[in-house]
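The structure appears below as structure tokens.
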């Protein structure tokens with residue numbers, strides 16, 4: 001049951017559902033987390049929704065949502081969104097932008113996985 005979950009728990013559950021290929025359910029939980037207004041939940045939810053779009057081939061839409069995720073909160077609450085932005089920028093060949101975003105994410109306290117350790121940009 002997710003009705004009693006705090007916004008960050010909703011984000012975690014949605015991320016897990018997306019990994020299982022249950023994208024519609026994941027989107028619904030991400031939207032609930034966004035509706036909570038909690039900056040960290042809004043930031044992570046938008047960024048992870050952006051990853052879903054990116055993984056589906058919508059590079060521009062995915063990038064736009066990740067950018068919204070970064071803008072939705074201040075450090076350290078936007079650290080995960082910054083890391084995801086850095087990974088997307090790296091994937092599309094913007095190495096300088098990727099390094100800048102990854103450094104900002106790391107400065108916020110978010111761990112930066114070494115290349116090849118983080119799961120690829122795919123859900124389900």
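The single condition among (1) in contact (Cβ under 8 Å) with a residue 12 or more places away in the chain; (2) part of a helix (DSSP H, G or I); (3) over 12 Å from the mean Cα position of the chain (by Cα) that residue 21 does not satisfy is (2).
Each residue in the range 35-74 was checked for being surrounded by 22 or more Cβ atoms within 10 Å (Cβ to Cβ), in contact (Cβ under 8 Å) with a residue 24 or more places away in the chain and closer than 17 Å to residue 93 by Cα, and 3 pass. Scanning the range 93-124 for residues that are modelled with pLDDT of 90 or more, surrounded by 15 or more Cβ atoms within 10 Å (Cβ to Cβ) and not in a helix (DSSP H, G or I) returns 94, 108. Comparison of 37, 57 shows that the only residue that is over 15 Å from the mean Cα position of the chain (by Cα), closer than 18 Å to residue 13 by Cα and assigned to a loop (DSSP other than H, G, I, E, B) is 37.
The values are calculated or read from the model by the stated rules, or taken from the named source; none is laboratory data. What you see is a predicted model, and the numbers here were worked out from it, not measured in a lab. So basically every Cβ, Gly included, is an ideal-geometry build from the backbone, and we count neighbours across all protein chains shown.
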